[in-house]
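Computed from the coordinates by the stated procedures, all read-outs in this text should not be read as laboratory data. Quantities reported herein were computed from a predicted structural model and do not represent experimental measurements. Here the Cβ positions follow ideal geometry from the backbone for every residue, glycine too, while neighbour counts run over all protein chains shown.
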Ligand SMILES: NC(=O)c1ccc[n+]([C@@H]2O[C@H](COP(=O)([O-])OP(=O)(O)OC[C@H]3O[C@@H](n4cnc5c(N)ncnc54)[C@H](OP(=O)(O)O)[C@@H]3O)[C@@H](O)[C@H]2O)c1
């Protein structure tokens, strides 16, 4: 179950160098490194960013598809463990997970993969969906006792004693965010969560949560395909000094150019349920892919690298988490860090994006109800 109910040369690579060195050390001798102390955003090397008080690699890796891709294919588990380790060796230290990914399986895969270098990476997980015995999602829940049980289960599956960044996956419209902050605060006091964040929250809930217990990050959909949070959440995270983690930064693969008018989504593939992928809307939205391709030609890059580089250029508080099950794609995404824009280029690209009106909704109505929700009054 998912929470959406699913080449360039070596000169570009090696930019994410800090962890590459650590990765080589781990490969050589099983060395476990302690996390570096928090630094100010301005003092960081180009390959590192701060999410609130949490230092991460400038690009993360989403592991949601590692149990089953959008198209219902089941990737080989050993390959996924190897892919996560390759990501680490090439400089990625920020890995995004959730109990609902699988459910549960992705936490096990991630835990196994990072075991040799646990202390040198930052892992996230999320609570907040009501997962039935059959693995289906019955709704959202942030019942305080349930949060504690969920986190204990996540820690067990991840094989660790703490989560670096613990998110509420969706706001529970029946539980005041102050109560959620209370339980998460206890888990933080116990050292089981080092930082916390919210995913797809409304702006008032973000403010109230941060006032109770400062947040490190908000995670929400953000990409050249979906820019809704520029209006309501990003101004607030910036005012509060909270980081922003764009999920689906490649538009669920659309911005890579891998989806065209002939693509038929497999049954169960979430993308086939979204109206923005209806044939009529898709045709209109292909203008985004054309734009990414034009800029890729201009910058000697790939469309997916333009999509990631544009997001990273939005500010040092942004850490995208593209998902991949393919090691060539992983390296391609890492290489996006070396694509940069001058101020004039960024303004040009952004105004070309502004001119494209994306057609259709990003999720079915049932899922949209959970997005941007506000918690009830305390
Ligand atoms: N908080 C939330 O509610 C929420 C919701 C959705 C996602 N997320 C998080 O965000 C992460 C990323 O989202 P996502 O994976 O759904 O969407 P995404 O990163 O926008 O796109 C992933 C898709 O793009 C393909 N892809 C990746 N790199 C590529 C490349 N270089 N060239 C061609 N195709 C490429 C992947 O296929 P291959 O596997 O073949 O590379 C996959 O089909 C998830 O893993 C999860 O951690 C969070």
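Kindly identify the stretch 46-144 as rounded, prolate or oblate by the Cα gyration tensor criterion: order the square roots of the eigenvalues as a ≥ b ≥ c, call it rounded if a/c is under 1.5, otherwise compare a/b with b/c, prolate if a/b is larger, else oblate. Oblate, because a/c is 1.5 or more while a/b does not exceed b/c.
Taking 7 Å steps out from each Cα toward its Cβ at residue 263 and residue 293 produces label points 1.3 nm apart.
Extension gain for residue 300-residue 281 works out to 3.9 nm (0.36 nm per residue, less the C-alpha to C-alpha distance). Rounded, prolate or oblate for the stretch 129-214? Axes are the square roots of the Cα gyration tensor eigenvalues, ordered a ≥ b ≥ c, and the cut-off for rounded is a/c under 1.5. Verdict is oblate for the stretch 129-214. For the stretch 94-228, averaging the sequence separation of C-alpha pairs within contact (under 8 Å, six or more residues apart) and dividing by the residue count gives a relative contact order of 21 percent. Rounded, prolate or oblate for the stretch 259-378? Axes are the square roots of the Cα gyration tensor eigenvalues, ordered a ≥ b ≥ c, and the cut-off for rounded is a/c under 1.5. In terms of gyration-tensor shape, prolate. With helices as the sole contributors, the chain gives -11000 deg cm²/dmol at 222 nm; each DSSP H run of n ≥ 4 counts as -39500 (n - 2.57), and the sum is divided by every residue. Here the chain is described by how far its Cα atoms reach on the three principal axes: 51, 50, 41 Å, from widest to narrowest. Each peptide in 285-293, 72-80, 162-170 was scored by the mean count of other Cβ atoms within 10 Å over its residues; highest first, the order is 162-170, 285-293, 72-80.
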